[in-house]
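A quick write-up on the structure given underneath.
The values are calculated or read from the model by the stated rules, or taken from the named source; none is laboratory data. Computed from a predicted model, the values in this text were never measured in an experiment. All Cβ positions, even for glycine, are placed from backbone atoms using ideal geometry, and neighbour counts span all protein chains on display. When the accessible area is computed, the model is the full protein with side chains, heavy atoms only, and any ligands, DNA or RNA have been set aside. Shrake-Rupley method; radii C 1.70, N 1.55, O 1.52, S 1.80 Å.
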Amino acid sequence: MAPPNRSARVEVLGSSVQRSRSNAYPSRSRSALVRRLVLAVLVLGALALLTVSFRSPTAGALHDVQGAASSALRPFQIAADRVARPFRDAYRWFDGLTKAKSQNAVLRDELRTARAQALAYRAAAVKAQNLERLLNYEQGATYPNGFRAVNTAVISFPSGPFTKQIAIAAGANKGIKLNTPVVTGDGLIGRVTNVFSKTAVVSLLTDPDSYVAARDLKTGVRGVIRHGQGNTLILDQVPKQATVKKGDRLVTDGTRDARYPDLYPYGIPIGTVSSVGIQDTASYLQVQVASFADLGSLDSVAALVKTKGS
Amino acid sequence: MSAFDGVKAAALLFVAAIVQVSILTQVHVLGGGPDLLLVTLVAVALLRGSVFGAAGGFFGGILVDVATLGQLGLTALVLTVAGYWIGRYGETTGRERAHAPFLSVAVVTVLYGFGLLLVHFVLGERAPAGPLVRGLGPAMLLNLLLAAPVYGLARRLLRPVDRGDFATEVQLLG
């Protein structure tokens, strides 16, 4: 019995009863340790992969392994795409049906204008070819001459709001190289920024690192196409005194100085000017551009591979 | 929890990752899109705990990074942490609560988005927060719509285990 001046707790602590020696790692503590260890190993593994991938994004053993693994996953992606295709086609069919009537009227107007322009351009083109022949005029690569189109499917799409890249099902095996321009039937969409043996990564025009020298077909004004707010495109570095109007068509400018060859040949359609603004505080015109190609729904694209001798 | 559970969870995450990169990345509603892989990871982590969550996040993230030919390890890093966190929630306060999958999906959608933003920022890449913030509401809504069927399917495949198997640090005295 405890003396009156000692509490029960002190009495118990002070008792001479031998207790079993506690394990250094009881089962719960051990599982907590294992859990943290697993997390640490996985996080370190992810960081290691990220570091290696970030330091050598376009070459190295890890790059090759990623390319091979991506090729191995492709059949599964194709299978999933085939399952989803009927549903996607049905959605697009209904979507197209609802817009068809209004689009029809617009397209008829455009067709009328385009027919008249085509006649004039055909005559001008023949005349230009004759003049070039007479003058022995030398010029750089011009789209689509000197290029072979590698038509390929898009196998993956931007996976989040920070990614402006797609993967295509053709790579070095088809002659694709870094900076190969990529187009659709409508116009330019971007360039190849990473090449694997059977696949490649295309950075879209909306990628923050994409800059394309462009020219207004009507006025000859030059500028640089780059990403704007959100997913828009702008024609930057156009002096305020230059004339650019809504509806003007823009094409790639091509190489202007042989010492600094451009990544894109002259003449690839990019888009039309959708609005032009002037601000007192800005150094250049604010020119918004609507891309010809629908960058949000790309199923198949063509990579423009230079042919020999071009 | 057995090795067979691991195989089933891996198969579930594999299918989710393939469907995500092949089909759902093209679905956009008001600037946001669903993330089947994230929702599946939430289900697996809630049902099987933090170790499964972390390992599943790593596995799913690597699949996405490989399939999209993106920066290897980037998605894996964020999903590993997300899977671990959801797993811990499932092991402790989230156990046996009907709202746990929905709450986890809602919170993780936001944290995953900002986690990716942070990693991109640390890597020195341009990652504007505007599109992310604008798309968060629709993305969360779409993920919540996926949560019930995905959690139901995962629950059928991975039957709830005896909670004693879960490691917790909460030790009751007395």
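Number of residues in segment B:56-78 that are open to solvent by 10 Å² or more (accessible area, probe 1.4 Å), free of Cβ contacts under 8 Å to residues at least 24 places away in the same chain and out of contact with any Ser or Thr (no Cβ under 7 Å at 6 or more places or on another chain) equals 1. Taking the conditions exactly as written (over 21 Å from residue A:255 (Cα atoms), out of contact with any Phe, Trp or Tyr (no Cβ under 7 Å at 6 or more places or on another chain) and either open to solvent by less than 70 Å² (accessible area, probe 1.4 Å) or in contact (Cβ under 8 Å) with a residue 60 or more places away in the chain (or both)), does residue A:128 satisfy them or not? Answer is no for this residue.
Within segment B:92-119, take every residue that is small (Gly, Ala, Ser) and under 14 Å from the mean Cα position of the chain (by Cα) and give me the one that is nearest to residue A:43 (Cα to Cα). Lay out the reasoning, then the answer.
From segment B:92-119, those small (Gly, Ala, Ser) are B:94, B:98, B:100, B:104, B:106, B:113, B:115; that's our starting set.
Among the residues that remain, those that are also under 14 Å from the mean Cα position of the chain (by Cα) are: B:100, B:104, B:106, B:113, B:115.
Details: B:100: 25, B:104: 21, B:106: 23, B:113: 18, B:115: 14 Å.
Checking each candidate, the answer is B:115.
Here is the figure for segment B:1-17: residues that are within 12 Å of chain A (Cβ to nearest Cβ) and surrounded by 22 or more Cβ atoms within 10 Å (Cβ to Cβ) total 2. Any residue in segment A:143-154 that is open to solvent by 80 Å² or more (accessible area, probe 1.4 Å) and modelled with pLDDT of 90 or more? The answer is yes, given that some residue of segment A:143-154 is open to solvent by 80 Å² or more (accessible area, probe 1.4 Å) and modelled with pLDDT of 90 or more. Select from segment A:42-63 the residues that are farther than 19 Å from residue B:81 by Cβ and without any contact (Cβ under 8 Å) to a residue 40 or more places away in the chain and write down the one among them that is farthest from the other protein chains (Cβ to nearest Cβ). Among them, the one singled out is A:59. Here residue A:167 meets each of (1) open to solvent by less than 50 Å² (accessible area, probe 1.4 Å); (2) part of a loop (DSSP other than H, G, I, E, B); (3) not hydroxyl-bearing (Ser, Thr, Tyr) with one exception, condition (2). Taking segment B:138-157 as the range and being surrounded by fewer than 17 Cβ atoms within 10 Å (Cβ to Cβ) and under 23 Å from residue A:206 (Cα atoms) as the test, only B:138 passes. Among the residues making up segment B:79-137, a single one is farther than 21 Å from residue A:36 by Cβ, in a helix (DSSP H, G or I) and among the charged types (D, E, K, R): B:134. When you scan segment B:25-34, do you find a residue that is farther than 20 Å from residue A:51 by Cα, part of a helix (DSSP H, G or I) and either away from chain A (no Cβ under 11 Å) or not aromatic (Phe, Trp, Tyr) (or both), even just one? Looking through segment B:25-34, at least one residue is farther than 20 Å from residue A:51 by Cα, part of a helix (DSSP H, G or I) and either away from chain A (no Cβ under 11 Å) or not aromatic (Phe, Trp, Tyr) (or both).
Is it fair to say residue B:53 is facing another protein chain (nearest Cβ under 7 Å), surrounded by 24 or more Cβ atoms within 10 Å (Cβ to Cβ) and free of Cβ contacts under 8 Å to residues at least 40 places away in the same chain? Lay out the reasoning, then the answer.
Numbers: facing another protein chain (nearest Cβ under 7 Å): no; surrounded by 24 or more Cβ atoms within 10 Å (Cβ to Cβ): yes; free of Cβ contacts under 8 Å to residues at least 40 places away in the same chain: yes.
Considered against the rule, which asks whether it is facing another protein chain (nearest Cβ under 7 Å), surrounded by 24 or more Cβ atoms within 10 Å (Cβ to Cβ) and free of Cβ contacts under 8 Å to residues at least 40 places away in the same chain, residue B:53 comes out as no.
Restricting attention to segment B:35-45, the residues that are part of a helix (DSSP H, G or I) and open to solvent by 10 Å² or more (accessible area, probe 1.4 Å) add up to 1. Residues in segment A:268-288 that are at pLDDT 85 or above and over 13 Å from residue A:238 (Cα atoms): 7 in all. Cβ-Cβ contacts under 8 Å between residues 6 or more apart (or on different chains), taken from a first residue in segment B:110-122 that is within 17 Å of residue B:37 (Cβ to Cβ) and in contact (Cβ under 8 Å) with a residue 24 or more places away in the chain to a second residue that is open to solvent by 20 Å² or more (accessible area, probe 1.4 Å) and assigned to a helix (DSSP H, G or I), are listed as B:110/B:136; B:110/B:140; B:111/B:85; B:113/B:136; B:115/B:81; B:119/B:77. Of the residues making up segment A:48-88, those that are of a type in the set (A, V, I, L, M, F, W, C), surrounded by 14 or more Cβ atoms within 10 Å (Cβ to Cβ) and within 21 Å of residue B:123 (Cβ to Cβ) are A:49, A:50, A:52, A:54, A:62. Restrict the check to segment A:264-277 and report whether at least one residue is open to solvent by 30 Å² or more (accessible area, probe 1.4 Å), away from chain B (no Cβ under 14 Å), farther than 18 Å from residue A:295 by Cβ and not polar (S, T, N, Q). Yes: segment A:264-277 contains one or more residues that are open to solvent by 30 Å² or more (accessible area, probe 1.4 Å), away from chain B (no Cβ under 14 Å), farther than 18 Å from residue A:295 by Cβ and not polar (S, T, N, Q). Close Cβ contacts (under 6 Å, 6 or more residues apart or on different chains) running from residues in segment A:27-41 that are closer than 21 Å to residue B:81 by Cα and at the interface with another protein chain (Cβ under 9 Å from one of its Cβ atoms) to residues that are modelled with pLDDT under 80 and open to solvent by 80 Å² or more (accessible area, probe 1.4 Å) comprise A:32/B:169. Out of A:301, A:287, A:276, one residue alone is part of a strand (DSSP E or B) and without any contact (Cβ under 8 Å) to a residue 60 or more places away in the chain. It is A:276.
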